[in-house]
Each structure stands twice: as structure tokens, then as C-alpha cells.
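Read the structure below first, then the notes.
Since every read-out is calculated from the coordinates, none of them should be taken as a lab result. The shown structure was predicted, so the numbers you read here are calculated from the model rather than taken from an experiment. Here the Cβ positions follow ideal geometry from the backbone for every residue, glycine too, while neighbour counts run over all protein chains shown.
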Amino acid sequence: MEVLFATTNPAKIKSYKEKLEEHGIKVLTLKDLGLNIDVEETGRSAIENACIKAETYGKLAKKITIGIDTNLFFENVPENKQPGTHVRRVNGKTLTDEEMIEYYKNLANEFGGKLTAKWVNGIAIYNGEETKTYSFAKSKFYLVNTESEKRHPGYPLDSISIIPEFNKYLTDLTEEEMETRAKEQNENNKENAVDAICKILKNM
């Protein structure tokens, strides 16, 4: 089976492509098909935006298309300060990785230097006739007003994210610590997401 993965984020593509291809699903990217349009993400949630991306690109490419989006939520922060689905877009501008780091450092500073945060992920699959969805949330972490010098391209907030169980920046975790965290959270979520995607594709 061949599907289009509707994202330009290289980290997301790498993360899911390898897992899906283990299940016999060939993953094409927007770059592979020469699709370069600006999709207006007007949804109020990760699921709504994932649907918008999957359906928009799916209709253009005439292929089964997977859309993924993410909400960032902060505890004890008013609604007008919540990034929601617009984590990278602020005041109508799409921020670079370094601009994101600076913006969220300043936001954390407004609330005492540390925000308790969590990511909520939405996945949508469009097959030309219908759209089906799946969502999951990751465990809490701290977003702070200081930064690590290390970077994870495509995931800039990793450089200002403190993982409570290690009291370290996400970018500063050792390979062993990353593996431990992955087993407890990331890989489980990813495996569940990949399993959900495979199940949806099988039943569409």
C-alpha cells in the first residue's frame, strides 16, 4: 500500500516512515510529489487540523493521505496565551526553530520561568471518500526560560524542555536515558499510533 504523509517536518517524516514501512506501507512525502502549497490550518484542535491537511493534500494528490497535527497545552495559563494548534505560528508569522525557542522562553518567563506542559497529537487519514481519526497525549514536562545549546532539528522546543524524571533538557539526555524514556512513553505512543494507522487503513 502507498500513502502520502502530509507534513514538511523532517523529524515527523523520519519518525513514522520507518515504522510504517515495517508494516509494508510505502510512505510518500509532499516533496516526492512536488506539492508545495500553504494549507490554512483553521482547526481548533489537533484532530481538526490533521483532517484539514489530510483532505486538502489527499484531494490534490488523489492518494490515501495521512495528516498529523499537535496541540501544546500549558497548565494554569489563560486561553489567550495557549498556543493550541498554532505552536509554530504566532501573530500570523511562521517561526523558525530559533524564533520558537526565543518566543516560548519569553512566555515561560511571564509565568515564573517554568510552564507545565503536555503535547496532544491528532492523526487523520483520508482515502478520497471518508476521513478517520486517532488521538493520544504524551506525559507532562516543563517548558523553561533557559535553553540547552543542543538542538533537535524540527523539534526546537526540545532545547527548552525539562524532563522531570531526569531533571535535564530533552536535548541533553544520554542515549541510555533517551532509550528509557522512549520505552516508557514515546515508543509506546508511536507504536500505538502506527498500529492505529494500520488498522484504519485496513478497514477503509
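Region 56-85 and region 114-184 have Cα centres separated by 15 Å. Give me the log10 of I(q) over I(0) for region 33-99 at q = 0.14, 0.22, 0.29 Å⁻¹, as the Debye formula computes it from C-alpha points; what are the numbers? With no solvent term, the Cα-only Debye profile gives -0.49, -1.00, -1.30. Placing +1 on each Lys and Arg Cβ and -1 on each Asp and Glu Cβ, with no other charges, gives the chain a dipole about its Cα centre of roughly 460 debye. Place a point 7 Å from the Cα of Glu79 along the Cα-to-Cβ direction; which residues of region 22-47 have their backbone N under 17 Å from it? So the set is 43-46.
Test of understanding: what is the full-extension gain from Lys150 to Asn36, defined as 0.36 nm times their sequence separation minus their Cα-Cα distance?
Values: separation 114, 0.36 × 114 = 41.04 nm, distance 2.99 nm.
Net length gain for the segment: 38.0 nm.
Taking each pair of distinct Cα atoms in region 87-168 once, what is the resulting Kirkwood hydrodynamic radius in Å? Computed over Cα pairs of region 87-168, the Kirkwood hydrodynamic radius comes out at 14.4 Å. Per the Cα gyration tensor, region 1-122 maps to an equivalent ellipsoid with semi-axes of 30, 15, 13 Å, ordered largest to smallest. The helix-based estimate of mean residue ellipticity at 222 nm for the chain, built from -39,500 (n - 2.57) per DSSP H run of four or more residues and divided by its residue count, is -11000 deg cm²/dmol to the nearest 500.
Could you calculate the contour length gain from Thr29 to Phe136, that is, 0.36 nm times the residue separation minus the distance between their Cα atoms, to one decimal place in nm?
Working: separation 107, 0.36 × 107 = 38.52 nm, distance 2.31 nm.
Extra length from Thr29 to Phe136 when fully extended: 36.2 nm.
Taking the Cα atoms only, what angle lies between the long axis of helix 187-203 and the longest principal axis of the chain, rounded to 10 degrees? Helix 187-203 sits at roughly 20 degrees to that axis.
Looking at this model, which pairs from Lys105/Lys168; Lys63/Lys132; Lys150/Lys183 are more than 20 angstrom apart at the alpha-carbon? Can you show the working numbers first?
On the way: Lys105/Lys168 16 Å; Lys63/Lys132 15 Å; Lys150/Lys183 23 Å.
Going by Cα-Cα distance, Lys150/Lys183 fall outside the 20 Å limit.
For the chain, the longest principal axis of the Cα atoms and the long axis of helix 10-22 meet at an angle of about 50 degrees.
At a Förster distance of 30 Å, what's the computed FRET efficiency of Glu2 paired with Glu165, Cβ-Cβ distance as r, to 0.05? The computed FRET efficiency comes out at 0.15.
Both the radius of gyration and Dmax for region 1-60 are 11.9, 33 Å, in that order, over alpha-carbon atoms.
Our coupling estimate for region 64-74, obtained by passing each phi through the Karplus curve with A = 6.51, B = -1.76, C = 1.60 and θ = phi - 60°, is 4, 10, 9, x, 10, 9, 9, 9, 10, 10, 10 Hz, Gly and Pro reported as x.
For the chain, the equivalent ellipsoid built from the Cα gyration tensor has semi-axes of 29, 20, 15 Å, listed from largest to smallest. A Cα-only calculation for region 127-204 places Rg and Dmax at 16.0, 47 Å. Starting from the Cα of Lys202, draw a straight line to each of the aspartates and glutamates and keep only those under 14 Å, dropping any in the same chain fewer than 8 residues away. Correct list for Lys202: Glu2, Glu130.
Bridges between two residues of the chain, per DSSP, are antiparallel at a rate of about 80%. Kindly express, to the nearest 10 degrees and within the range 0 to 90, the angle between helix 46-61's C-alpha long axis and the longest C-alpha principal axis of the chain. Around 40 degrees separate the two axes.
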